[in-house]
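The values are calculated or read from the model by the stated rules, or taken from the named source; none is laboratory data. From a predicted model like this one, the values you see are computed outputs, not experimental measurements. Neighbour counts run over all protein chains shown; Cβ positions are idealised from the backbone, glycine included.
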Amino acid sequence: MIEILPNEKDDKDFIKLILQILNNSILLYKPKEIYVVEIDHWFDDKWLAFSGKTLGVIPIWNIRLTVPAFNPNRVVSETFYKRVKNSFIQSEAQKLHSKKPSSDNLQNFLDRISQSALFVWYSGNTKILDRGSSMMYWTNSEIKVESRKYIND
């Protein structure tokens, strides 16, 4: 199973909850890859299926899921895991979040990144803010992309 080591700014119970959701989702969906991204500070439900902005101002929410257009400056860490037999090992992968115009993200489809993966974003600084959020997307080449969002206020 996957581990997330909390830092001094993280609420340990929140991280424990994220791990429970993630590890149960691994058992349920059986992905081949896992992407775990910590985002600096809390994010709200407007990020669910948000793809980016066109013309710099018009927000776009796609049905076909893309990498959420978080500013790369907000990304605390990105960790990639690859299934090897019945377990996962941490491995190198291309970063999900990089500096580029938001409109470029409109075609950054998750199912092009991986045909079988769990993508998890969770908020940092949960101890200080006393709130947290997470978002999970799942890709499977045989089934349409699904999304789930869990908010802990």
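Before moving on, here are some points about what is shown:
- Being touching a residue at least 12 places away in the same chain (Cβ under 8 Å) and surrounded by fewer than 17 Cβ atoms within 10 Å (Cβ to Cβ) holds for only one residue in 114, 98, and it is 98.
- Residue within the range 49-62 that is at pLDDT 75 or above, in contact with a strand residue (DSSP E or B) (Cβ under 9 Å, 6 or more places away or on another chain), surrounded by fewer than 18 Cβ atoms within 10 Å (Cβ to Cβ) and of a type in the set (D, E, K, R) present: no
- Members of the range 104-133 that are within 20 Å of residue 43 (Cβ to Cβ), more than 16 Å from the chain's Cα centre (by Cα) and at pLDDT below 85: 106
- Pairs with Cβ under 7 Å, 6+ apart, first in the range 35-51 and assigned to a helix (DSSP H, G or I), second modelled with pLDDT of 75 or more: 47/68; 47/135
- Tallying residues that are of a type outside the set (S, T, N, Q) and either farther than 24 Å from residue 124 by Cβ or exposed (fewer than 12 other Cβ atoms within 10 Å of the Cβ) (or both) within the range 83-95 yields 5.
- Selection within the range 66-82 - modelled with pLDDT under 95 and basic (Lys, Arg): 74
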